Amino acid sequence: MSDVEVKAGKNGNVYVPFEKRTGNESIVYFTRDLSPAGLMKAYEKVDGNICECGKTAIKLHTGEPHGPNIIPPTWIKEFVEEELPDATIIETNTYYKGDRYTTERHRKTLEINGWNFCSVDITDEDGTTLLPVKDGKWFENMSVGSHMTKYDNLVVLTHFKGHTMGGFGGSNKNIGIGCADGRIGKKWIHSHEGEADMWGVNEEELMEKIAESTKATIDYFGKNVTYVNVMRNMSVDCDCAGVEAAPVVTPNVGILASTDILAIDQACVDIVYAMSAEENHALKERIESRHGLRQLSYMKELGMGNDKYILIDLDNNEVRIFPKDCVQNLKPFEK
């Protein structure tokens, strides 16, 4: 392996091409159907381990007030009513001060954004609990909302997009930051103990800490966790930016689903990289400038999944060996 390839495995600003990866393959399902029906079609391929006899949490990023790019609540309403009528959406309060910093303000924001069709559990409302981080470099435990342990299943429903600090926000960021509680867990991830800078962690360390936080949660749920990523309205900014998010310049793609967190996030990144320079330049620059690719390589080092996969095209009932096949002549349809 060349020096460049070795660096690519560690440095989050260097993309590892599909053909350079090693190891086993996972299955990722793909549809261009950006609608509640498409969401359900993708989810139904990966729902086998979501036990109907247990309590199910849906981890969403519900967004800042009037955020234009979140997964439409109307889609989620249809999805919940059809697929998971007894499920609860879960969230945590934010580390930064704003409209989701306290539970009271957070609940007002949920109402503004239309998340009033089912119960929403702000899991750190009543305190925190610790989940172990197995084989972690930075953490032995991660602090999450105390309500987390009320649930038996976790459906991770993610709006894939860019992120101001993480480079991109996929399933890993949705859990790693989104399940860490607002006062302790998120502080551990973003800062160093005893330092005044609340955002003092460098890029590579941040990506590794996010992945370790995620690992604590998915290890807790074991096989009873599944992932759906929606590639729509992909600003370079997270939904934390709300109405201040940068304009969307990356084309819509579709919806992906998998039981492998690394495979689904890697597939989304691969699809972005397979676009033309005109289509992907902003998001690609955001990912690399923040060393966001380290999320992927570190998840692989932690044994959280495979970065090789087979992509199943649900619209054409075909196997796609490489995501570029899904990007060429891409015409997503949205209802």
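The criterion of at least 2 residues that are surrounded by fewer than 19 Cβ atoms within 10 Å (Cβ to Cβ) and modelled with pLDDT under 95 is met, among helices (runs of 4 or more DSSP H) falling completely within segment 1-93, by 3-10.
For segment 182-202, the tally of residues that are over 18 Å from the mean Cα position of the chain (by Cα), assigned to a helix (DSSP H, G or I) and of a type in the set (A, V, I, L, M, F, W, C) stands at 1. Tallying residues that are closer than 20 Å to Phe221 by Cβ, under 21 Å from the mean Cα position of the chain (by Cα) and surrounded by fewer than 21 Cβ atoms within 10 Å (Cβ to Cβ) within segment 132-145 yields 5.
Candidates are the residues of segment 152-172 that are surrounded by fewer than 21 Cβ atoms within 10 Å (Cβ to Cβ) and either polar (S, T, N, Q) or in contact with a strand residue (DSSP E or B) (Cβ under 8 Å, 6 or more places away or on another chain) (or both); the one that is farthest from Thr250 (Cα to Cα) is Asp152.
Figure legend. Inter-residue proximity from segment 280-299: first residues touching a residue at least 24 places away in the same chain (Cβ under 8 Å), second residues of a type in the set (Ser, Thr, Tyr) and in a helix (DSSP H, G or I), beta-carbon distance below 8 Å, spacing 6+ or different chains. Indicated pairs: Asn280/Tyr273; Met299/Thr214.
The values are calculated or read from the model by the stated rules, or taken from the named source; none is laboratory data. The structure displayed is predicted, hence computed values, not measured ones. Note that we place each Cβ from the backbone using ideal geometry, even for glycine, and neighbour counts take in every protein chain shown.
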